[in-house]
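The next block holds one structure in the form of structure tokens; read it before the comments.
The values are calculated or read from the model by the stated rules, or taken from the named source; none is laboratory data. The model shown is predicted, which means the values in this text are computed figures rather than measured ones. As a convention, Cβ positions derive from the backbone with ideal geometry for all residues, glycine included, and neighbour counts pool all protein chains shown. Remember, those area values only see protein heavy atoms, side chains included, never the ligands or the DNA or RNA. Shrake-Rupley method; radii C 1.70, N 1.55, O 1.52, S 1.80 Å.
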Amino acid sequence: MSEIGEFEHPDEIICPGGPLLIRGNHAVIDSDGIIHHTSRPVSAICRCGKSANLPWCDTTHKALPERLRP
Amino acid sequence: MLVPKARGELSEALFGALRERPSAWTAVFDADRRDREDVQIALWALYELHYRGFEDVDEDLEWHPDASRLRHELEADFELLLRSRQRRTPALEEPFDEALFALVADHDGPSVASFVQREASREQVLELLRYRSIYHLKESDPVAWVVPRLSPGPKAALMELQYDEYGCGDPNRLHAHLFARGMEASGLRTEYGAYIDDVPVEVLEQNNAMSLFGLNRRLRGAALGHLAAFEATSSMPSRRIAAGLTRLGLATEMVAYYEEHIEADAVHEQLAVRTICGSILAEEPALRDDVVFGVETCLDLEDRFASWLIEGWSHE
Ligand code: FES
């Protein structure tokens with residue numbers, strides 16, 4: 001067995017109560033059918049629906065009561 | 001940048017020694033060290049030798065034994081001071097990442113961002129930008145020192161965030177550069193360190209704490225904890241500041257800097273807490289207290305700055 005193991009490095013990370021992180025370049029279509037391109041190595045997609053900057057997370061989820069968080 | 005103005009006996013002696021290179025640093029080591037502001041500007045200048053340096057100081061003084069010795073002594077006192085200010089925080093429960101977010105969320109301090117959003121005048125905002133420029137013009141540099149001190153997991157995680165901070169290879173997107181453009185468009189000076197003589201001791205302490213954590217491998221946990229708290233208190237406040245700047249009709253370039261941080265730091269806070277602190281603590285659970293020390297220091301120093309600033313403004 002090699003001692004140099006492999007790291008877990010998922011393309012997507014679900015943040016409990018918060019956004020979905022996605023690594024790499026993606027095109028995200030919002031509910032109006034508009035395409036948004038990612039512009040950074042990792043992007044945070046809003047899962048609570050309350051961001052003022054949809055489809056991206058702007059941390060509004062932190063201001064929501066627990067039961068409304070994704 | 002030239003050596004800053006001295007603020008007391010120690011910095012007077014130190015800055016003289018840096019410029020004139022006496023054979024012995026007796027006057028520096030004999031100087032009184034009781035004045036907090038004097039000590040902090042001296043320490044800031046000693047750290048600066050490792051960043052961009054001063055035009056009026058020889059570059060080879062960076063590793064001068066007396067400079068290193070003094071820095072080491074001042075750092076030891078500063079670290080004690082920072083530790084003495086910590087609240088007694090209960091040990092963080094599992095899962096660590098949620099506990100860390102909760103620790104930051106439960107912290108309730110005075111908010112510069114809310115003040116800027118609602119009431120600050122144009123002059124007050126420009127004053128704030130001058131203070132913030134000491135850090136923002138070297139944004140992310142202090143924690144960059146930590147990179148070679150980490151093992152592959154946390155190192156890659158930190159670089160994933162740093163790469164974005166440094167513009168993903170495009171200097172036009174580098175955060176410090178975005179800030180400089182905002183400063184220029186606001187009619188402020190953009191040279192690195194231009195406003196160092198104007199900043200209060202609270203700002204010096206904020207900057208020195210980041211250098212202390214970044215430049216001492218022993219404190220790598222605190223450096224990453226500080227980063228996590230910094231990122232986790234940035235996105236929402238950036239939105240408030242952007243709104244305040246827009247209310248006051250400040251330059252769009254400066255608004256753009258803060259708008260970039262709304263989106264960027266919504267990502268970065270997740271990375272800093274989950275992938276960066278998460279991976280180092282998975283490997284080195286013993287660093288947990290240091291991570292918390294970094295978190296608490298970041299929050300505490302911002303509180304001190306905010307209290308000082310808002311208090312001063314409310315008397316204007
Ligand atoms: S998940 Fe963060 S704002 Fe919606």
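Of the numbered criteria (1) more than 19 Å from the chain's Cα centre (by Cα); (2) more than 14 Å from chain A (Cβ to nearest Cβ), the one residue B:110 fails is (1).
From B:123, B:55, which residue is open to solvent by 20 Å² or more (accessible area, probe 1.4 Å), in a helix (DSSP H, G or I) and within 30 Å of residue B:184 (Cα to Cα)?
On the way: B:55 fails: in a helix (DSSP H, G or I).
None of the others qualify; the one that does is B:123.
Would you call residue A:9 away from the ligand (no atom under 14 Å from the Cβ) and more than 9 Å from chain B (Cβ to nearest Cβ)?
Details: away from the ligand (no atom under 14 Å from the Cβ): yes; more than 9 Å from chain B (Cβ to nearest Cβ): no.
No, not satisfied.
Restricting A:52, A:63, A:27 to those that are more than 8 Å from every other protein chain (Cβ to nearest Cβ), more than 17 Å from residue B:268 (Cα to Cα) and surrounded by fewer than 16 Cβ atoms within 10 Å (Cβ to Cβ) reduces the list to A:27.
Within the stretch B:208-224, does at least one residue satisfy the condition of being surrounded by fewer than 24 Cβ atoms within 10 Å (Cβ to Cβ), part of a helix (DSSP H, G or I), of a type outside the set (A, V, I, L, M, F, W, C) and within 14 Å of chain A (Cβ to nearest Cβ)? So far as the stretch B:208-224 goes, no, none of its residues is surrounded by fewer than 24 Cβ atoms within 10 Å (Cβ to Cβ), part of a helix (DSSP H, G or I), of a type outside the set (A, V, I, L, M, F, W, C) and within 14 Å of chain A (Cβ to nearest Cβ). The residues on offer are A:28, A:42, and the sole one that is more than 8 Å from the ligand (Cβ to nearest atom) and within 26 Å of residue B:155 (Cα to Cα) is A:42.
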